[in-house]
1. For the condition at positive phi and of a type outside the set (Ser, Thr, Tyr), what is the one hit in 117, 127?
2. Return the total of residues in the stretch 344-358 being open to solvent by 20 Å² or more (accessible area, probe 1.4 Å) and within 14 Å of residue 292 (Cα to Cα).
3. Suppose the filter is touching a Ser or Thr at 6+ places or on another chain (Cβ under 7 Å) and at pLDDT 95 or above; does residue 352 pass it?
4. Could you please find all residues in the stretch 103-121 being away from ligand 3 (no atom under 16 Å from the Cβ), in a loop (DSSP other than H, G, I, E, B) and either under 19 Å from residue 354 (Cα atoms) or among the β-branched types (Val, Ile, Thr) (or both)?
5. Pick from the stretch 244-254 the residues that are away from ligand 2 (no atom under 16 Å from the Cβ) and crowded, with 17+ Cβ neighbours inside 10 Å: which of them is farthest from residue 112 (Cα to Cα)?
6. Could you check how many residues of the stretch 253-312 are among the hydroxyl-bearing types (Ser, Thr, Tyr) and more than 16 Å from ligand 1 (Cβ to nearest atom)?
7. Which of the residues spanning the stretch 258-309 are surrounded by 14 or more Cβ atoms within 10 Å (Cβ to Cβ), of a type in the set (Ser, Thr, Tyr) and not assigned by the TED database to the domain that holds residue 75?
8. Considering each residue of the stretch 73-82, count those that are within 6 Å of ligand 1 (Cβ to nearest atom) and open to solvent by less than 20 Å² (accessible area, probe 1.4 Å), and give that number.
Amino acid sequence: MGIIEKIADIEREIARTQKNKEYHLGILKAKLAKYRAELLDIKSGGGGGKGEGFDVMKSGDARVALIGFPSVGKSTLLNKVTKTESAAAAYEFTTLTCIPGNIEYEGANIQLLDLPGIIEGAAQGKGRGKQVIAVARTADLVLMMLDATRGPQQRRLLEAELEAVGIRLNRVRPNISFRTKSAGGIGFTATVRQSYLTEKFVQTMLHEYKIFHAEVIVREDCTMDDFIDVVVGNRKYLKCLYCYNKIDQIGMEDLDRLAREPNTVVVSCEMNLNLDFLIRRIWEELGLLRLYTKKRGEYPDFEDGVIIRAGSSVEHLCHRIHRQLPSIFKFALVWGTSAKHQPQKVGIQHRLQNEDVIQIVKKQ
Ligand SMILES: Nc1nc2c(ncn2[C@@H]2O[C@H](COP(=O)(O)OP(=O)(O)OP(=O)(O)O)[C@@H](O)[C@H]2O)c(=O)[nH]1
Ligand SMILES: [K+]
Ligand SMILES: [Mg+2]
């Protein structure tokens, strides 16, 4: 029996199994994750999974991948918000490769990637699913485009495809440490009460993966799926913004309902509705900071900022300016919201905020 049949078998068994048989379900899911991982390894020839026309250079300050079913309007969006032309038409699979465009916003260059439509079974390599998913994994944000005229199952199907290849949307890595050892059996410690995970499950699951010696420490209330994710590894935790297109085709009531869903923006690419707001939301989700550097006794150049990720420290900024700069850094003066007083003298670990002005003082 091939892997795809084995996967289908387990999926059928999961569907048949009663929801309250959590332990049994967990073991089935662990098996499923194992076969899926095998499938991906073979299919991608060792992990790369890039195909011709998909190997697009990263450029700019951040990368956004457009993921969606065929003909939801992905290429129409690229044509509207970037200077790049990507063929858009009423038939499915108009786009066959990865087409990069560039959005300039608040001084940042955001790379927007138009991609072929995904279909059900993409995770198993149907259509160009394999390549599309490989590109999605390199993105800082997934822009999931949905058709406002279609039902809610389109979003669930798409999420299930991404889930099946180890992409986790809008979630954080479970707080579990897992280390294999050469002897000593399986050690299981939970620092908080567990609603789902038991030592017995952890042991059975690890035996399924032929792991007999390991140390497991669980630091939050985790599900069996969380544990499977940590053991299988190679999971990608990505931010996702949901974008419903073609709102020109639906009524006010539906529009209102969709617009209230979390992490969601509603637009009409064809009618240019709400596209400015979409770009604003992309920028916010990416969490980019714009910083200004200045020399002693001079004003900063507010035309020329440095774009950097939210949460970055002075050290990240130094690296960006020059590779050697951190080693000759003495201190920095910071004006702006991250400073307690204006200016504040800070060390290299100081975390910066949007629009901060920084003067770096080097060792003599
Ligand atoms: N009514 C309406 N139609 C739209 C809108 N945006 C795009 N379309 C139409 O939807 C069809 C598909 O658009 P594309 O941009 O080619 O869709 P795509 O997602 O890139 O499709 P593939 O590349 O084939 O996956 C075209 O006929 C567009 O004119 C919109 O906002 N409203
Ligand atoms: K199309
Ligand atoms: Mg297209």
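The values are calculated or read from the model by the stated rules, or taken from the named source; none is laboratory data. Every value quoted in this text rests on a predicted model; they were computed, and no experiment measured them. All Cβ positions, even for glycine, are placed from backbone atoms using ideal geometry, and neighbour counts span all protein chains on display. Ligands, DNA and RNA are stripped out before the accessible areas are found, and what is left, the full protein with its side chains, is counted by its heavy atoms. Shrake-Rupley method; radii C 1.70, N 1.55, O 1.52, S 1.80 Å.
1. So the residue among 117, 127 that is at positive phi and of a type outside the set (Ser, Thr, Tyr) is 127.
2. 3
3. Answer is yes for this residue.
4. The answer is 106, 107.
5. Out of the qualifying residues, it is 250.
6. Total satisfying the criteria: 4.
7. Hits for the stretch 258-309 are 292, 293.
8. 3
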